[in-house]
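K.L.:
Take this structure, written in structure tokens, and hold onto it; I'll ask about it next.
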Amino acid sequence: MNAPPTPRGRSAGRPAAAIEVAEAAEATATEAAVAEAPASPARLAWQRLRRRRVALAGLGIIAFFVLAALLAPVLTAISGHGPADTDKRAVDSYLGGLPRGSLGGMSTQHWLGVEPMLGRDIFARLLYGARISLLVALCAALLITLIGVALGATAGYFGGRTDTVISRFMDVMMSFPSLIFMIALLSVARDVNRVLLLIGVLGAFGWPYIARVVRGQTLSLRHREYVEAARACGTSSGRILLTEILPNLAGTIIVYVTLAIPGLIGTEAALTFLGVGVRPPTPSWGQMISDSVLYYKADPMFFVLPSACLFLIVLAFTLLGDALRDALDPKGGAA
Amino acid sequence: MTGFLLRRLLGIAGTLLVICALTFAVFYLLPSDPAAQFCGKDCSADRIVMVRQQMGLDDPLIVQFGRYVLGIFAGQTLGSGQYAVHCGFPCFGYSFQSGQPVWDLMLDRLPASASLALGAAVLWLLLGLSAGLLSALRRNTWVDRTVMVATIGIAALPVYFTAMLLLYVVVTVLGLMPYPRYIAFGEDPVGWIRNLILPWITLALTFAAIYARMTRNSVIETMAEPYVRTARAKGLRERRVVGRHGLRPALTPVATMLGMDLGGLLAGALITESLFSLPGVGKLFADSLNKADQPVIMGITLLASFFIVTSNLVVDLVYAWIDPRARLT
């Protein structure tokens, strides 16, 4: 990760004027410049980010959960219990199916205990739940980014009637009671792939927020000299949007998407908790929490574990997003 | 002013109509037959056909939609002959499950939801504003840093966790109170508070964290304004500078947020109500979901939209009232 023995920062051997000229003329060499220049925006941001311990902690937690989700089959093979395996010996049928032993049945057999009644291994279910949670949230985030950036940049760049139509549409979408409407939508669609449907619904209601920010940024970018220059050269609008505007939006987009992810994870869990999200037998955190509510008195560990996972991942993305905003967005995130 | 109001009211009506149409389309285009739902489990094919006719499900979609919207305002008569039922002014149809008018069901549950939302709002305003103000006035000290770290942590707490932990610690371990059950304010004000305190804390914590951060940013921004410097230069005491010159303009964004959040919560805090089994609109919604009771789901969706859209208007009006710079035209 360390920089090669080239000098850093201003003493990079390139006169400042040359850099400015290069910046003004950048059209095709953007990618190359980012990769080579000693103080590229990405590297500067990374350096600023690396100095913040909270950001690294957030990144670490995210990496932990992503790894856990990816390695779920391997890890459950080691622990010896799959997410759907029931273990009747681990629960006490005389005690209404509560786990045997203290702390929700934690033992060398079941590292994080078992669920009451069926005796399914909580460790395995948490791992597979992380898969669903991250998959849904990350895909929905991608969808939000695609729709939001496309519509926001179009509205901001072209202005006029296009802008009016898109902005109006955003306003209507934002005055929707989105959670209630999402639930209504999810409750009537029965025999559909729940994960795909969740991603679609979360994406459909999440994009206006990022689109609004992107539109505002594009408005301020479209009259910059280098954009005018590109236009004077006869570059098509689509190409200008992609090569001149989009790279300048990257920082803002990354910040807003990172900050949108905790909301998406939370909403997915809430929808599943209410019974309209991911359906059993697919293991998911929202489902586990919803099951554990019945046992809060007798088996508190059962609700603590999935809630703690949810808490950690939401916290991690928030911390990272906050730090990214400080590192990438010089304005300090005044939306 | 009148022009503004008129335009906004038209806008509200338009938005509600769009939402109504979308909700309607979602329910009646997707493959679940309301007639079969209404008829119940053991229902012959003939009877379903009859029910379909009675419910007017054979008419074109647009006719059904028109009837639904008209029905809300003018009421409608369902069925015919001796089975005819008239459903008066705000008519949202009848529940498939209980057969009661949807409007009565919602009206019945509204007090619990309003109690939860208003009480929680008082709590989160107290917590959020004081924490935010403290943080802003002690900017960049350890107090500020502690409060800000705490708010990030608290905002990330899932409601389920807060609710279950409170129930477990307060009710099960410490035994300070029995499991909360809703008591109407008119019946027993003390019991009302005692039984709602846990749901209030649960709901208020997340909001308090968000409001604290917002208040801090807003106060810091205002305290840097030239007129605050002028107030200080006049020799006013710091307390007065903050109270009269700093706080009031800093609170306008908070008022805006409050209006929108309350609007969203009046039609039910779905999860908090479910966790505490509070008989609010949100609980009604969650229960109707499990029973696929479409008229109720649809009615609540519209009610919630109404609250949200209306609260936006109220926020704009209040905004113009507190902040003379935002005169309405």
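We did not get these values from a lab; they are worked out from the coordinates using the rules stated. No experiment lies behind these values; they were computed from the predicted model shown. Positions of Cβ are generated from backbone atoms using ideal geometry, with glycine treated the same way; all protein chains shown enter the neighbour counts.
K.L.:
How far apart, in nanometres, would the label points at A:Thr86 and B:Glu238 be if each is projected 7 angstrom from Cα along the Cα-to-Cβ direction?
P.N.:
6.6
K.L.:
Which of A:His110, A:His81 has the fewest other C-beta atoms within 10 Å, and how do the rest follow up to the most?
P.N.:
Ascending Cβ contact count within 10 Å gives the list A:His81, A:His110.
K.L.:
In whole Å, what three semi-axes, largest first, describe the equivalent ellipsoid of region B:228-329 built from its Cα gyration tensor (square root of 5 times each eigenvalue)?
P.N.:
They are 42, 17, 6 Å, listed largest first.
K.L.:
Follow-up question, since we're still on this one. What angle do you read, to the nearest 10 degrees and between 0 and 90, between the alpha-carbon axis of helix B:2-29 and the longest principal axis of chain B?
P.N.:
The angle comes out near 50 degrees.
K.L.:
Per 0.36 nm of contour for each residue apart, how much would the distance between A:Ser102 and A:Val165 grow if the chain were fully extended, relative to their Cα-Cα spacing?
P.N.:
Taking A:Ser102 through A:Val165 to full extension adds about 16.6 nm, to one decimal.
K.L.:
Taking H placed 1.01 Å from N in the peptide plane, check which residues at least 5 places from A:Leu98 or on another chain put their amide H under 5 Å from its amide H.
P.N.:
A:Asp92, A:Met117
K.L.:
Starting from the Kirkwood Rh over alpha-carbon pairs, what translational D in µm² s⁻¹ does region B:103-322 have by Stokes-Einstein at 4 °C and 1.567 mPa s?
P.N.:
68
K.L.:
Can you check how the C-alpha radius of gyration of region A:183-256 compares to 2.2 N^0.38 Å, as a plain ratio?
P.N.:
Expressed relative to 2.2 N^0.38 Å, the Cα Rg reads 1.59.
K.L.:
While we're here: Most mobile of A:Glu268, A:Glu228, A:Glu115 per a Gaussian network model of chain A (Cα springs, under 10 Å)?
P.N.:
Most flexible of the set in this elastic network: A:Glu228.
K.L.:
If you look at just the Cα atoms of chain A, how large are its Rg and its Dmax in Å?
P.N.:
In order Rg, Dmax, the Cα atoms of chain A give 24.4, 82 Å.
K.L.:
On to the next question. Could you give the distance between the Cα centres of region B:204-280 and region A:146-167, to the whole Å?
P.N.:
So the separation of the two Cα centres works out to 32 Å.
K.L.:
Still on this structure, please answer the following. Can you work out ³J(HN,Hα) from phi for every residue in region A:96-105, in order, using Karplus 6.51 cos²θ - 1.76 cosθ + 1.60 and θ = phi - 60°, giving whole Hz and x for Gly and Pro?
P.N.:
x, x, 6, x, 6, x, 7, 6, x, x
K.L.:
Let me ask something else. In Å and from the alpha-carbon atoms only, list the Rg and Dmax of region A:244-332.
P.N.:
17.1, 60
K.L.:
Round to a whole angstrom and tell me the spacing of the C-alpha centers of region A:238-304 and region A:179-232.
P.N.:
Distance between centres, Cα-based: 16 Å.
K.L.:
What is the angle, in °, between the Cα long axis of helix B:61-74 and the longest principal axis of the Cα atoms in chain B? Nearest 10 is fine, range 0 to 90.
P.N.:
Helix B:61-74 sits at roughly 70 degrees to that axis.
K.L.:
Taking only Cα atoms and a 10 Å spring cutoff, compute GNM fluctuations for chain B and point out the largest among B:Gly71, B:Gly264, B:Gly243.
P.N.:
Between B:Gly71, B:Gly264, B:Gly243, it is B:Gly243 that shows the largest mean-square fluctuation.
K.L.:
How about region A:107-190: which trypsin sites (Lys or Arg not before Pro) there are in a DSSP loop, with at most 12 other Cβ atoms within 10 Å of their Cβ?
P.N.:
Passing both the DSSP loop test and the Cβ count: A:Arg190.
K.L.:
Compactness ratio of the protein assembly as shown: Cα Rg over 2.2 N^0.38 Å, N = residue count?
P.N.:
1.07
K.L.:
Which of A:Thr252, A:Thr164, A:Thr267 ends up with the largest GNM mean-square fluctuation for chain A, with Cα atoms connected below 10 Å?
P.N.:
Maximum fluctuation in the GNM of chain A, among the listed residues, is at A:Thr164.
K.L.:
In angstroms, what radius of gyration and Dmax does region B:132-261 have, counting Cα atoms only?
P.N.:
Both quantities, over Cα of region B:132-261: 19.2, 57 Å.
K.L.:
Moving on. Among B:Val318, A:Val74, what is the fewest-to-most ranking by other Cβ atoms within 10 Å?
P.N.:
A:Val74, B:Val318
K.L.:
For region B:129-187, count all C-alpha to C-alpha pairs, find those more than 15 Å apart, and express that count as a whole percent of the total.
P.N.:
The share of Cα pairs beyond 15 Å in region B:129-187 comes to 66 percent.
K.L.:
So which trypsin sites (Lys or Arg not before Pro) in region A:248-333 pass both tests, a DSSP loop state and at most 10 other Cβ atoms within 10 Å of the Cβ?
P.N.:
For trypsin sites (Lys or Arg not before Pro) across region A:248-333 that sit outside H, G, I, E and B with at most 10 neighbouring Cβ atoms in 10 Å, the list reads A:Lys331.
K.L.:
Something else about it: Among B:Asp316, B:Asp46, A:Asp121, what is the fewest-to-most ranking by other Cβ atoms within 10 Å?
P.N.:
B:Asp46, B:Asp316, A:Asp121
K.L.:
What stretch of chain B, leaving out the sites themselves, is the longest with no trypsin sites (Lys or Arg not before Pro) in a DSSP loop having at most 12 other Cβ atoms within 10 Å?
P.N.:
No qualifying site falls inside B:42-180, the longest such stretch.
K.L.:
If I model a spin label at B:Ala320 and B:Phe73 as a point 7 Å from the Cα along the Cα→Cβ vector, what separation in nanometres do I get?
P.N.:
Calculated label separation equals 2.4 nm.
K.L.:
Calculate how steeply helix B:189-223 sits against the longest principal axis of the alpha-carbon atoms of chain B, using the helix alpha-carbon long axis, and give the answer as 0 to 90 degrees to the nearest 10.
P.N.:
50
K.L.:
Going through the DSSP H helices of chain A, which span 18 Å or more along their own axis at the Cα atoms while scoring at least 1.6 as a mean Kyte-Doolittle hydropathy?
P.N.:
Helices meeting the span and hydropathy rule in chain A are A:53-70, A:122-158, A:300-328.
K.L.:
Oh, and also: Tell me which residues come under 5 Å, amide H to amide H, from B:Tyr94 once H is placed; ignore anything under 5 positions away on its chain.
P.N.:
Long-range HN contacts for B:Tyr94: B:Val102.
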